[in-house]
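Structure, as structure tokens:
The values are calculated or read from the model by the stated rules, or taken from the named source; none is laboratory data. Source: prediction; values computed, not measured. No Cβ is skipped: glycine too gets one built from the backbone with ideal geometry, and neighbour counts run over all protein chains shown.
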Amino acid sequence: MNLKTILVLSMGTGVMLVLIAILMKRYGIKLWKSVPVSVLLTVTGTIGTYIWFFIEASWFGGRSYYGAVFIVPIAFRYVAKMMKIPYGELMDFCAPAECIMLAIMKYQCFVDGCCGGRVLRTLEDGSTVLFPSQIAELINAFVLMIVLMTMGILKKQHGKIYAWYLILYGVTRFVLNYFRADTTPFLMGLPAGNFWSVVSIAIGFLWIKDYAVKLVKKEELKQDLISEEIEL
């Protein structure tokens, strides 16, 4: 990782800090906690991208964004306990912040010339017109960030925003991945990006279902306690 990448990640962490602080204020959580959460999110997400690339390619040197998508929720179960923040709410904060991480990665891809788009057409002089894959995914990251930040205003979505992030990113990435130049099959005949997109969507829906079940059980327990108090 060169100095330029570190500087870009540092600036990205600053933006993530602002987004997380805004959501923490809405949720009534102490704002100072936004600092360690932002730093840990950047570190965990970045390490996750390298680990996931190794899982896909069996060698280190590249990055796969789905590493951040999948590893952060696992690692942040411990962060939630450490910071004394409800896990669902903590992941609500991480969802739009990770979109900033995605935008940074797509910027780096554009600069490095990787993750290029497929050929749209060949001109008479032999040159080709490519789909602007990196730019399209960068724009997608900002659109998702706005959508997820808006969800943070709606209390009925609290605890489910990361699940929606998994679903929305999975759907949009699945489509955009077919406009990339490299569509080499990874598993089940799908390129890596498409395969992980399907996994991401499935996890997102399971997350929402699990959340709904927990709410029902919580309400049933509440009603049982009320009934017991009335009987007494």
| Failed item in (1) closer than 23 Å to residue 10 by Cβ; (2) modelled with pLDDT under 90, with residue 145 passing the rest | (2)
| message | Could you check region 72-88 and list, in sequence order, the residues that are touching a residue at least 60 places away in the same chain (Cβ under 8 Å) and buried (at least 17 other Cβ atoms within 10 Å of the Cβ)? | response | 73, 88
| message | Pairs please, first residue from region 40-68 and at positive phi, second anywhere and among the hydrophobic types (A, V, I, L, M, F, W, C) and modelled with pLDDT under 95, Cβ atoms under 8 Å, 6+ apart in sequence or on different chains. | response | 61/53
| field | Meets criteria (over 13 Å from the mean Cα position of the chain (by Cα), buried (at least 22 other Cβ atoms within 10 Å of the Cβ) and closer than 22 Å to residue 4 by Cα) for residue 34 | value | no
